[in-house]
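Some notes on the structure that comes next.
The values are calculated or read from the model by the stated rules, or taken from the named source; none is laboratory data. The structure displayed is predicted, hence computed values, not measured ones. Backbone-built Cβ (ideal geometry, glycine too); neighbour counts: all protein chains shown.
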Amino acid sequence: MPELDAATARYVTDRKLVSGLGSARSGTKHHVAVTYTSVALAVLVPLFLLTFGRVLGEPYAVVQAYFTRPFPAIVALLTLGIGWWHFAQGVQVLLEDYTRGQTRKWSILAAKCLSLFAAAAGVYALIRIAL
């Protein structure tokens, strides 16, 4: 059993300690989610670099024709979506560690909005190229 200070010990029952759930009840789930997105990106980023690298520097018409094919478009779409989701989760952890109070809440909200906007812009651009 890990050692807990007195302030934390009164909020953590033995069952929560064994289950890996502290007083916040969400740390483990958040860590697992970030781990899953990391593994997904470890596969997707090289695939994206291979697919995108083939048309890098080519004229717009060639790039557009290439991304009308399903595999490059799906790889790009998944990389954008999962990448921005991973970014939002990572920034949330950073902000939770280094900010407090209302600053924390507003900073996390701003980071999630930025992530959502950037992902939407990327998906929109990909759809414009692919269609």
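Remarks
- Looking only at the range 116-131, residues that are touching a residue at least 12 places away in the same chain (Cβ under 8 Å) and closer than 18 Å to F48 by Cα come to 7 in all.
- In the range 26-40, the condition of being basic (K, R) and over 15 Å from the mean Cα position of the chain (by Cα) is met by no residue.
Residues are listed down the side, and each one gets a yes or a no for (1) hydroxyl-bearing (S, T, Y); (2) part of a helix (DSSP H, G or I); (3) within 22 Å of H31 (Cβ to Cβ); (4) over 26 Å from the mean Cα position of the chain (by Cα):
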| residue | (1), (2), (3), (4) |
| --- | --- |
| L50 | no, yes, no, no |
| E58 | no, no, no, yes |
| A61 | no, yes, no, yes |
| F71 | no, yes, no, no |
| I74 | no, yes, no, no |
| L80 | no, yes, no, no |
| W85 | no, yes, yes, no |
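- Breaking point among (1) under 15 Å from A130 (Cα atoms); (2) modelled with pLDDT of 95 or more, for G83: (1)
- Evaluation of F67 against the conditions (1) more than 18 Å from the chain's Cα centre (by Cα); (2) closer than 26 Å to H30 by Cα; (3) crowded, with 16+ Cβ neighbours inside 10 Å; (4) aromatic (F, W, Y) shows that the sole unmet condition is (2).
- Exactly one residue out of T51, T79, T68, T37 is β-branched (V, I, T), in contact with a helix residue (DSSP H, G or I) (Cβ under 8 Å, 6 or more places away or on another chain) and over 17 Å from A125 (Cβ atoms), and it is T37.
- Sole residue being in contact with a Gly (Cβ under 7 Å, 6 or more places away or on another chain) and at pLDDT 70 or above, chosen from L77, L49, L56, L41: L41
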